[in-house]
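So the structure is just underneath, and the comments pick up after that.
The values are calculated or read from the model by the stated rules, or taken from the named source; none is laboratory data. Quick caveat: nothing in here was measured; it's all calculated off a predicted structure. Every residue, glycine as well, gets a Cβ built from its backbone with ideal geometry; the counts of neighbours run over all protein chains shown. Surface areas here come from the heavy atoms of the whole protein model, side chains and all, with no ligands, DNA or RNA. Shrake-Rupley method; radii C 1.70, N 1.55, O 1.52, S 1.80 Å.
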Amino acid sequence: PSWLLESTRFTLRAMRMHILALTVSLARIVSAAPGDAICFGGTTYGMTPWRQYTKNGVVVKVDMSACKFKKKKPVVVTGLSGWSHHWTSLGGSSVYSDTKTSYTNYIRYNGIKDEIAKNSGWASNFLAHVPGKSPSGTCAGATSPGNTKWKHYSRYSMYVDVDTSACGFTKTPVYKTSLGGNSGNWQAFGPSSVYLATKKGFRIYVHGAFGITLATAKSYRWHVKWIAHPFGSVTRPGVGKTCAGMTNSKKTGWKVYKPSKGKGIYVDVKTGCNFWGATPRYIVGVGGTAGHWMAQGTSEVYSPTATGFRMYLHFAKGITASKANKWSWNVHWIAAAPAPTLCSGGTPKGGTEWSKYGGSGLVITVSTKACAMIDRPVYVGSMGGDSMHWYTTGSSAIYNDDWKSFRTYIKYIKGLSLGEVRRSWKWHMNFVAFPAGRSKSGICAGETVPGNTNWKRYRRWAIYVDVDTSMCGFSETPVYKTSIGGSGHQWVSLGSSAIYNSGKKGFRTYIYYKGGITVAQAKAWKWHMKWVAHPTGEVVHSGSKSCAGSSSPKAWKVSPYGKHAVYTDVKTGCKVAEGTPRYVTALSGKSSHYTNHGVSEPYTATADGFRIWMYSTAPIYPATAAKWDWKINWIAAGTVPRTPVPTPVPSFKRAIKGGGWAVSKGKCRIDARVPGRPCLMSPNFPGKYTAEETCTVDWRKKTFYAAFERFDTEMWFDVRRDGKFVDTESSSNCEG
């Protein structure tokens, strides 16, 4: 657990013979580093923030902090994915400035511009592994930076034999390699080309066309990083799954890539792995007996899917499919994906720290760190509140999303007052997060590709997309909730939570943009659809519960605000949380609802339901809503309500100070045996304390939150005081 604590002061004044105990409550839960010391992730297709580096290069710093490596710096191996151009690049498997939390990747491509890299969908993928062998059988290591035993091979070329015998493999594993260093390695050929692979090691040849020598390689601290994975799948509890394999040596299905004029081949690789229907991160390389160290494309992935990917190779001296198989060129791959696990949350009701954005906009960055996701999940969002947010747009528009947060912009038609938004209207964000794929419980999530979504023109001001959810294998139509992702302008669109043609294999979404929209603009802005599909009814998760359903199309009522509005009160019939759950909503129907406001803005949420006010520029009536089968889709999620259990009488360690707390007055004592959870006890606890006792405890900078676990005091006589706050009522005859 990660504690965020601040200083305060607590005073107890007691006048009767009752019982009191005080403990610190959990502020935030964050999962530790993966138990078997392997992690994976990378940047997002179409959304990677590449920056220009010289006229022939781009660079990106990749965040690995979700992995939470603590004791040792991991071994990092990398690869480059995308949908165009990158097969003739260099640097996809070069690693710079790697730490426990990040690495930097430079890519060389003649004449490349950062916008081309972004629009070509380039993304850096990584595997990270603590040095040594894990309990699951994977292993990692690196040669010594600045002291790798490179040997001369030819002009500007060298090789090194890498010893992996310490891993104790009984069979040759799948090796994935990268080249680390502080200069020049991004322009080297060969870092992902493996030779002479055995259970005890392998060889790597590298070529630096800019004039590399053994002395230069040493001064640049060139060294080989490697991760070895047994053939097949490894399930990693709390993390996900990895899977590794290679194509058949001498029988890989290479095909000539005709546009390359004799210098290119490609192969479609089927992995045979099952990743919950989701597309995993692929980290790839090439093995063989000759020539492949001078090929480009050996760490570059095209067209990744749940079942495989495509690789293109460029060989300047000319290559054919038969020659590649003669030289035993075969594809090595390791794939990894997180386990689908639902998380929900949001910002505080009445306390969300909105910031102004322009004249009539708001912005909030929503932290999702408590979800402890390993990789970026699919987010869907809604905005809750008590007033006026049905006039807004943007609550289901997602920006800048990664494993730890996303950003939302809200547009309000009539202008904004931060005071009203925060205190009176109580606007706040709700979200559901779910890694792409389907869980055993039947929940499923996915998204279309940023910058490559198959948008189609509908009207001058509208586009649409048909979303395929067949990977989920639903036998009946689930409850869909959608949001729109992108890099610009989607916050002022309409329709991102309006669902058409809903079925067990997919749905359609129309997007309206007031100023007019084209397919080219939508792709340039990286617009893409995010969706979570939930079976109707309740699903129990580890420590939480979710529930989903749809309202009746006949439940709409006439609004007192005129003919342009209707409303419905939704009763969920679920008990999924302590208190009020987080609701995310959408509107499904047959016609005309993609320009409506309010469909993703629940009002006056309670434990068993909420209200939706819906506004349209055209007149709408309950009869019309029923005719068009307008139904509110909703997902509710929260922590499982606790079942009270009798509290056993424990043994205690009693001290005047401990855990950052200290008794400054009275006979109260502190039990600090549990790190981070000191407990303050009244005198003689769990027995009765005497009359007219006063006890004061000071806690220091590391205390954020305190909770009464057990207490029983007399109303109007016995007092709990926290700073200036005095409570003489709620403490009577209670346990908490």
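Miscellaneous remarks
- The lysine pair tally for segment 354-496, using Cα distances under 25 Å and a gap of 8 or more places or different chains, is 18.
- Stokes-Einstein D for segment 435-522, Kirkwood Rh over Cα pairs, 10 °C, 1.306 mPa s (µm²/s): 115
- Residues whose amide H comes within less than 5 Å of that of residue 201, counting only those at least five positions distant or on another chain, are 164 (H built at 1.01 Å from N in the peptide plane).
- Residue-by-residue Karplus 3J(HN,Hα) for segment 357-363, coefficients 6.51, -1.76, 1.60, Hz, glycine and proline x: 9, x, x, 9, x, 10, 9
- Descending principal axes extents, segment 130-220, alpha-carbon based, whole Å: 41, 23, 18
- Surface per residue (accessible, 1.4 Å probe) for the chain, Å²: 42
- Å³ per residue enclosed by the Cα convex hull of segment 534-629: 94
- The Stokes-Einstein estimate for segment 143-295, based on a Kirkwood radius over Cα pairs and taken at 10 °C with 1.306 mPa s viscosity, is a diffusion coefficient of 93 µm²/s.
- Here Cα extents along the principal axes in Å was calculated from the structure, and among [x] 90, 70, 46; [y] 83, 78, 56; [z] 95, 56, 51 it sits at label [x].
- Contact order, relative form, for segment 191-340: 31 percent (alpha carbon pairs under 8 Å, 6 or more residues apart, mean separation divided by residue count).
- Gyration tensor over alpha-carbon atoms, segment 329-447, equivalent ellipsoid semi-axes in Å: 34, 14, 12
- Trypsin sites (Lys or Arg not before Pro) within segment 77-165, DSSP loop, no more than 14 other Cβ atoms inside 10 Å: 113, 149, 155
- Summed residue charge, Cβ within 9 Å of residue 74's Cβ, Lys/Arg positive, Asp/Glu negative: +2
- Fraction in percent of alpha-carbon pairs per bin - 5 Å, segment 374-414: 6, 21, 28, 18, 12, 9, 4, 1, 0
- Surface composition of the chain: carbon plus sulfur atoms hold 52% of the accessible area, using a 1.4 angstrom probe and ignoring ligands, DNA and RNA.
- Considering all C-alpha pairs of segment 269-342, those separated by over 17 Å amount to 48%.
- Going by accessible surface with a 1.4 Å probe and the largest first, 326, 563 read 326, 563.
- For residue 653, the accessible area of its heavy atoms, probed at 1.4 Å with every protein chain present, is near 130 square angstrom.
- Evaluated at q = 0.23 Å⁻¹, a Debye calculation over the C-alpha positions of segment 382-505 (equal weights, vacuum) places log10 I(q)/I(0) at -1.47.
- Of the peptides 662-671, 334-343, 351-360, the order by per-residue mean of other Cβ atoms within 10 Å, starting with the highest, comes out as 334-343, 662-671, 351-360.
- Ranked from largest to smallest solvent-accessible area, with a 1.4 Å probe on the protein heavy atoms, 53, 412, 510 come out as 53, 510, 412.
- The chain, helix-only ellipticity at 222 nm - DSSP H runs n ≥ 4, -39,500 (n - 2.57), divided by all residues, nearest 500: -1000 deg cm²/dmol
- Solvent-free Debye scattering, log10 I(q)/I(0), computed from the Cα coordinates of segment 177-223 at q = 0.22, 0.23, 0.29 Å⁻¹: -0.75, -0.80, -1.10
- Just so you know, the Cα atoms of segment 223-331 work out to an Rg and Dmax of 14.7, 48 Å.
- Relative contact order of the chain, defined on C-alpha pairs under 8 angstrom at six or more residues apart (%): 15
- Normalised contact order of segment 406-557, rounded percent, pairs of Cα under 8 Å and 6 or more residues apart: 27
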